[in-house]
1. What number of residues within region 248-274 are among the acidic types (Asp, Glu), free of Cβ contacts under 8 Å to residues at least 12 places away in the same chain and under 22 Å from GLU105 (Cα atoms)?
2. Within region 300-337, restricting attention to residues that are among the hydroxyl-bearing types (Ser, Thr, Tyr) and not in a loop (DSSP other than H, G, I, E, B), which residue is modelled with the lowest pLDDT?
3. Counting only residues that are closer than 22 Å to HIS174 by Cα and in a loop (DSSP other than H, G, I, E, B), which one in region 116-133 is modelled with the highest pLDDT?
4. Quick check: is even one residue across region 553-562 open to solvent by less than 50 Å² (accessible area, probe 1.4 Å) and modelled with pLDDT under 70?
5. Would you point out the residue of region 204-251, among those that are crowded, with 16+ Cβ neighbours inside 10 Å and in a strand (DSSP E or B), that is modelled with the lowest pLDDT?
6. Consider region 500-520. How many of its residues are surrounded by 14 or more Cβ atoms within 10 Å (Cβ to Cβ) and not in a strand (DSSP E or B)?
7. If you scan region 434-470, which residues turn out to be under 18 Å from ARG381 (Cβ atoms) and either open to solvent by 50 Å² or more (accessible area, probe 1.4 Å) or not small (Gly, Ala, Ser) (or both)?
8. Count, please, the residues in region 345-375 that happen to be under 24 Å from the mean Cα position of the chain (by Cα) and open to solvent by 70 Å² or more (accessible area, probe 1.4 Å).
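The values are calculated or read from the model by the stated rules, or taken from the named source; none is laboratory data. Being a predicted model, the structure only gives us computed values, none of them experimental. Cβ coordinates were reconstructed from backbone atoms using ideal geometry, including for glycine residues, and neighbour counts include every protein chain displayed. Protein only, heavy atoms only, side chains kept; ligands, DNA and RNA dropped before computing areas. Shrake-Rupley method; radii C 1.70, N 1.55, O 1.52, S 1.80 Å.
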Amino acid sequence: MFFWRRLRGFPWLLRLLWLGLIALPLGIAALVVGVELSSQPAFCGSCHVMKPFYDSWRTSTHNDVACVECHIPPGIGSEIRKKYEALAMVASYFTGTYGTNPWAEVPDESCLRPGCHEQRLLIGRELFKNVLFDHRPHLTELRREKRLRCTSCHSQIVQGQHIAVTEGTCFLCHFKGAELNEGTARCTLCHPVPENVVTAAGLRFDHADVKRFDMECTLCHADVVKGEGEVPRDRCLTCHGEPERLARYGETEFLHKTHVTDHKVECLSCHIEIQHRVPERLEAAATSCETCHVGGGHSPQRELYVGLGAQGVDPRPSAMYLAGVRCESCHRVTAEGKRLASAVSCMACHGAKFYRIYELWQRTLTERLERVRSQLADVRRALSARWESLQALRAQPPIQTPGRGLAPEAVEEQLRALEGAFERVRRAEANVRFVEEARGVHNLHYAFDILWQAHQDLQGALQAAGLPRRLESPWQPLPYETRCYSCHLDFERYTAQWRGFAFTHTKHAIEGEMRCSACHRDTSYRDPEHGRLKRDCQDCHPTQQQLAQAEPEGCLTCHSEEIPWGSEKVRFSHAGHLAMGLSCSLCHEGVTRLDHLAFLQAVGTRADHELCGRCHGEDVPPKGAQEIERCYRCHSGF
């Protein structure tokens, strides 16, 4: 009471006390509200420099975790610091003194706190984009003599993704200064050898063969790393301007401790990115081989492999190119340091049986190339002789020209036609030379397309020159596409004997257009059953015992009712005769007494007036009769 009586003597002090009593709870309330408000993610997003980070947080898997929960580590001291920094943010915001280059870190303690990722170190390996990853060694052991943090790999550097895995950091650590598939760049560190069969561009490859033949991953997956990960000196200037700091450029250990271990600075803020990906097809074909294999700025081998470069031929990329196989996959380094390819290159991936396949490819290519070369020389000689003959006619006096059968105008016209013929020959010559320079085995089927076009150009040249000569086909092309032809280029040479008859693939596959799978098992070439016969010849060509029991319905399993009559002189309907229940043997005498092939070769069909007269009687006049009206019944309408 005495205290209050004394205060009455000092009214101003009393007013100040009452003001303090009122202001204190208001201040405390404002403090609490300010701290709570500044702890909300929405507050962070209210600043325009923070908006990109806030937007990416809202769509991330952490959008139910407040910013301060990650950016401030757990603990009483950190909590007080969190409140202080939150109030400082409020003050900076209202006074307009905040910076335009926001910087924040996420300590490992925040990630590993209870209720978050505290068990992450114990989980073991997990799958990320087909890569097996283990957190334990990355966080508990030194990697390249550096202590990593959670945010060394999880960061904001992936545009629009909050705390996403920064793959560029993985590539930088694993590939910088390392040889591909060695040390930290070993493929199997992240990619265990798959057991599956993959198909690319029609090629099937069983990855189990990688273990079986101890194959190098880089035989197919070469040039999958781009970049050196160097640090340009001028990148330091984006953050530092002090001479004493810039002078420490090159002190790798100090810089990594400061930027990676002590503070979270994105690796790619300093290092140029290293890319790890399967290259595009044209990139895969652009190899160091071009240092030698160039001509006029282009590589014939590369163009042939890509399926380009020929004149008048549609593009046809090699199946190996479409599957991403590079030059170095087949051209292995020899003891002399040269890169050479041979049958061993094929065997390394496809097995020992490909030795014969490779030899077959080379032999077939050489033979076909030689045939087209020979035709090229013959046509050029024929056109040159024709040119000289016409030039001689042109040089004669006009009065003598008609006597030789050609007027001067006709001579000039034929000379112009010859110029066009020579143009075709030049194109054929360029295509043949392209196949020779590019080594046709790099894209065998495109090389064959080119040689076939050269053959057609030469035939067209003869026609344009008016020379009635027909060039023999350099080979017999298949009338359909089949993958069997990738290996069995000389199938037409394969012959066999069946019941004394010679079997040829030419008659069946080319003339009859029968597909390989009609008789052979269409399985992988690694399958022991690959190519085995699944049908016997007698499935199509019945034996005499089978034909002895034959009914028309049995014949129709192979022969259609609409089979045309073979003669060009008579009108005949198989369907009409079969509809009356007549037997095939009625006209095809001997068909039930012989094997079918023997019947076709020895007897055939006997069709004459006497045979038809057995059923049609007097409707069929004797052979040589002059009764035209009755002849028209069968011999008309064609």
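1. Adding up the residues that qualify gives 1.
2. Restricting attention to region 300-337, the residues satisfying the condition of being among the hydroxyl-bearing types (Ser, Thr, Tyr) are 305, 318, 321, 329, 334.
From the residues that got through so far, the ones that are not in a loop (DSSP other than H, G, I, E, B) too are 305, 321, 329.
Working: TYR305: 88, TYR321: 81, SER329: 77.
Selected residue: SER329.
3. Applying the filter and picking the extreme gives LYS129.
4. Yes, region 553-562 has at least one match.
5. The qualifying residue modelled with the lowest pLDDT is PHE205.
6. Number satisfying all stated conditions: 10.
7. HIS455, ASP457, LEU458, GLN459, LEU462, GLN463, GLY466, LEU467, PRO468, ARG469, ARG470
8. Adding up the residues that qualify gives 0.
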